[in-house]
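Accompanying notes for the structure given below.
The values are calculated or read from the model by the stated rules, or taken from the named source; none is laboratory data. Remember, predicted model here, so these are calculated numbers, not experimental data. We place every Cβ from the backbone using ideal geometry, glycine too, and count neighbours over all the protein chains shown.
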Amino acid sequence: MAFVLAIAERAYTTIETNATQRGQIRNALDLAQRWQDNAYVSGDSLYEAVVGDAQEMLAESAFFFFTPDSNDPRTFAWSTIISAMFYISWHAYGRRGRLPEPIADVEEEDIDHTVKLALRIPNFNGAAIERLARYCIRHYRSPDGSDLGEPISAQTMLEAADWDNA
């Protein structure tokens, strides 16, 4: 969880948008971090932070930039964040019961999708993603893929990534 969240956090730093949308993204990422830190945050809350009908939808904002044939670099930052948030929401729902439509299709392999999107963001540090992956495998590997293990703090992930070091 901390792995995709760290990637989404870094993608957030590359987005240029209005203050309202930045606030919505920040709120969604903060909510995901609280869930990852074992605070009670429901799958519904995480999902609503991304596509909630009470606000200008973050997901619609992302899809505004994204078209299937788009090579606009902004699409990749938005899509990285949306992909990460859907993955985290999927885990928060516990992969049981009836899931909202976009979340129902999420699976563990979506981590790879999130990474591929992030690597298409101009100047995104692929070496930092590798460092994050190695750190998580070394320190938090579990024989059961569904076991999320202990939470990893955002600060720990920031230090492990060393984003500014290519």
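Brief remarks follow.
- Among residues of region 20-38 that are surrounded by fewer than 20 Cβ atoms within 10 Å (Cβ to Cβ) and basic (Lys, Arg), those with a Cβ under 6 angstrom from a residue that is in a loop (DSSP other than H, G, I, E, B) and at pLDDT below 90, sequence gap 6+ or separate chain, pair up as Arg34/Val41.
- Contact map, region 119-134: residues that are in contact (Cβ under 8 Å) with a residue 60 or more places away in the chain and small (Gly, Ala, Ser) paired with residues that are surrounded by 20 or more Cβ atoms within 10 Å (Cβ to Cβ) and in a helix (DSSP H, G or I), Cβ distance under 6 Å, separation 6+ or inter-chain. Pairs shown: Ala128/Ala161.
- Which listed residue is of a type outside the set (Val, Ile, Thr), surrounded by 10 or more Cβ atoms within 10 Å (Cβ to Cβ) and at pLDDT 90 or above, from Leu132, Leu148, Leu99: Leu132
- Members of region 151-164 that are in a loop (DSSP other than H, G, I, E, B) and either in contact with a helix residue (DSSP H, G or I) (Cβ under 7 Å, 6 or more places away or on another chain) or at pLDDT below 85 (or both): Pro151, Ile152, Ser153, Asp162, Trp163
- Arg26 being over 23 Å from Ala133 (Cα atoms) and at pLDDT 90 or above: yes
- Among the residues of this structure, Ala59 does not count as one that is at pLDDT 75 or above and closer than 15 Å to Gln21 by Cβ.
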